[in-house]
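Note sheet for the following structure.
The values are calculated or read from the model by the stated rules, or taken from the named source; none is laboratory data. Source: prediction; values computed, not measured. Cβ coordinates were reconstructed from backbone atoms using ideal geometry, including for glycine residues, and neighbour counts include every protein chain displayed. What goes into the accessible areas is simple: the full protein's heavy atoms, side chains included, and nothing from ligands, DNA or RNA. Shrake-Rupley method; radii C 1.70, N 1.55, O 1.52, S 1.80 Å.
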Amino acid sequence: MIKEFKTFLAVARDGTFTGAGAQLGLTQSAVSAQIKRLEEYLGVALFDRSARAAVLNIHGREMLPQAEELVAMAERMAATAGAGHVSGSLRIGAIASVQQDLLVQALGEFRAGYPDVRVRIVPGVSLSLLGQVDAGEVDMALLIRPPFALPPELGWQPLLREEMVLAMPESMAPAPWRELLATQPFIRYDRASFGGRGVDLFLKKQRIRVHEAVELDEIEAIANMVRHGLGVALLPRLLGLDLDGLRLVSLDEAAFYREIGIIGRLPFDAASVRGKMAECLVRAAPSADGSHRLLR
């Protein structure tokens, strides 16, 4: 009968069946039916039927504080029973590079706290994942910061920065990075990706004309091509990147970075499973190596 007691309280506070129904999302007839069931259950009338408004009679006035206590107790019981038990689903879009370390660490903490939440990882490139967040196809996405302003309904939570470095085969003779970019075959980070756009902007700013050999988006594949002597590349210094057969060269004062963060639709409720996952990701970000710096 808790539902009926809640309806009784709504009618008592509003003074009309119609107003109480509007608050509860019920029709006037549904409110009347619930009040009738409650009165039959209690064995007394609660409202003065001769009045035009819903006026409590002597029995209703006596029942009001008890009904308030009963409903409050029921809500406390429900809150206690549900504490720590969260279920549902969470769809996370993620670029390939964060799936290997950052996302793994964050999911370990999240799953420990919310074992009944089903998590689905949706792989993709940053531009595609941004569109999926905007369309509501994923709840949040881990991607490279877009090189343009976001729509006002989307929010950005920065996580880390990855230094962009020159990757060269370990067997290649050392030389200044600018000379290597200008003379060696270039394995290009796909210009259609946000990270690749950063590389393209860097080359134009430095006025370096490269000899393009291959263009692709997958960082591990780019590193493998460099390892096998197909050329040099500009790529992020990833945590966990296999350095066997590679030499990574800093760009010194010309260094630039790939920023990684979370994009989600606003408002970003901290109490939701999406908000809890975001907290886990923020805590996981500083545990990466020195090139993964948490933004403040």
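What are the residues whose amide H is under 5 Å from the amide H of G93, where those residues sit 5 or more places off or on another chain and H is modelled from the backbone?
Those lying under 5 Å, H to H, from G93 are V122, D139, M140, A141, L142.
Which lysines, on any chain, are close to K205 with Cα under 29 Å apart, when same-chain ones fewer than 8 places away are left out?
Straight-distance partners of K205: none at all.
Roughly how far apart, in whole Å, are the Cα centres of region 230-261 and region 18-60?
71
Quote the charge dipole size of the chain about the Cα centre in Debye, to the nearest 20; the model charges only the Cβ of Lys and Arg (+1) and of Asp and Glu (-1).
500
Please list the three semi-axes, largest first and in whole Å, of the ellipsoid equivalent to the chain, using sqrt of 5 times the eigenvalues of its alpha carbon gyration tensor.
Ellipsoid semi-axes (Å, largest first): 63, 18, 13.
One-quarter of the Cα convex hull surface for region 98-217, in nm²?
Computing the convex hull of the Cα atoms and averaging its projections yields 9.9 nm².
Express the carbon and sulfur contribution to the solvent-accessible surface of the chain as a percent, rounded to the nearest whole number, probe 1.4 angstrom.
Reported share for carbon and sulfur atoms: 54 percent.
Counting heavy atoms of the protein chains only and a 1.4 Å probe, report the per residue accessible area for the chain as a whole number of Å².
Per residue, the chain has an accessible area of 52 Å².
Among 230-239, 261-270, how do they line up by average Cβ neighbours within 10 Å per residue, starting with the highest?
The peptides rank, most packed first, as 230-239, 261-270.
Short version: ³J(HN,Hα) in whole Hz for each residue of region 209-226, in order, from phi by Karplus 6.51 cos²θ - 1.76 cosθ + 1.60 (θ = phi - 60°), x for Gly and Pro, what are they?
9, 9, 9, 5, 10, 9, 10, 7, 9, 7, 4, 4, 5, 4, 4, 5, 5, 5
For region 36-41, take each phi angle, set θ = phi - 60°, evaluate the Karplus expression 6.51 cos²θ - 1.76 cosθ + 1.60, and give the result in whole Hz per residue in order, putting x for glycine and proline.
4, 5, 5, 5, 5, 5
Over region 1-140, how many percent of alpha carbon pairs lie in each 10 Å bin up to the one with the longest distance?
Using 10 Å bins, I get a P(r) of 10, 27, 16, 14, 17, 12, 4, 0 for region 1-140.
Could you compute Rg(Cα) / (2.2 N^0.38 Å) for region 1-81, with N its residue count?
1.06
Give me the lysines in straight-line cross-link reach of K6: C-alpha distance below 25 Å, same-chain residues under 8 apart excluded.
K36
Which far-off residues, 5 or more places away or on another chain, put their amide H under 5 Å from the one on N57, with H placed in the peptide plane?
F47, D48
Rounding to the nearest 10 and keeping the result within 0 to 90°, find how far the Cα-based axis of helix 194-205 lies from the longest principal axis of the chain.
Roughly 40 degrees between the two axes.
Amide H to amide H, which residues 5 or more places from T16 or on other chains are under 5 Å from it, using H placed in the peptide plane?
Residues meeting the amide H criterion: A54.
Nearest 5 percent is fine: what portion of the DSSP beta bridges confined to the chain is antiparallel?
60
Based on the mean of other beta carbon atoms within 10 Å per residue, what is the order of 212-221, 245-254, most packed first?
Put in order of decreasing packing, that is 212-221, 245-254.
To the nearest Å, what is the center-to-center distance of region 177-227 and region 132-158, using C-alpha atoms only?
Spelled out, the Cα-based centre of one part sits 26 Å from the other.
Taking only DSSP H segments of four or more residues, each worth -39500 (n - 2.57), what value at 222 nm results for the chain once the sum is divided by all its residues, to the nearest 500 deg cm²/dmol?
-13000 deg cm²/dmol, from helical runs alone.
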